[in-house]
Amino acid sequence: MNTQLKQIYSAEKVQRFELLFLYHDKEMKGFISSKDLPFILRAAGLLISDKEIKDLQVKEKISKDDLFKLLIQLKDKRPVKQEIEASVKVFDENNTGFIDTKELMGIVQQIGDEQVEKDFQLILNSVKGEGELGCD
């Protein structure tokens, strides 16, 4: 399964997926809850809505192999670099190639999806740096 995943994602991302799985496997039984799936998929960089996740009809408990199969199945949900660059340009008021994280949080809040806002806040809290997001 890892071989297929590594054909689609970099080795660094596959390692990140494994760490995400381990982090959410709180009981260390080799399964994660389907309730953790939205955060994991978005943390994996997939652009996927809550409705699309519900439509996946996954089991309550998800094994690492099942998660990896989902990541392979959802490979087309990865944003391409041009889409990311175009999105940054829309919100980059100063033409610096970056979006201030405070402004980005305001955009997320305007979306009005409470779970997306919570997930985004978790991601922001884990990011260290200048408080700006860019395309790279």
Using only the Cα atoms of segment 1-70, what are the Rg and Dmax in Å? 11.6, 30
I need the phi-derived Karplus couplings for segment 3-17: 6.51 cos²θ - 1.76 cosθ + 1.60, θ = phi - 60°, integer Hz, Gly and Pro marked x. 4, 4, 4, 6, 6, 9, 10, 5, 4, 4, 5, 4, 4, 4, 4
Calculate, for Met28 and Gln115, the FRET efficiency according to 1/(1 + (r/R0)^6) with r their C-beta to C-beta distance and R0 30 Å; round to the nearest 0.05. 0.75
Express in nm, to one decimal, how much length is gained between Glu60 and Leu47 on full extension, taking 0.36 nm for each residue of separation and deducting their alpha carbon distance. 2.5 nm
Using mean Cβ contacts within 10 Å as the protection proxy, how do 36-48, 59-71, 4-16 order, highest first? 36-48, 59-71, 4-16
Per the rule of 0.36 nm per residue minus the C-alpha distance, extending Leu19 to Glu103 adds in nm 27.3 nm
Suppose R0 equals 22 Å; then what is the FRET efficiency for Lys69 and Lys35 from their Cβ-Cβ distance, rounded to the nearest 0.05? 0.75
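All of the numbers you see were taken from the coordinates with simple rules; none came from a lab. Everything quoted here is computed from the prediction, not taken from an experiment. Counting neighbours? That spans all protein chains shown, and the Cβs are built from the backbone with ideal geometry, glycine included.
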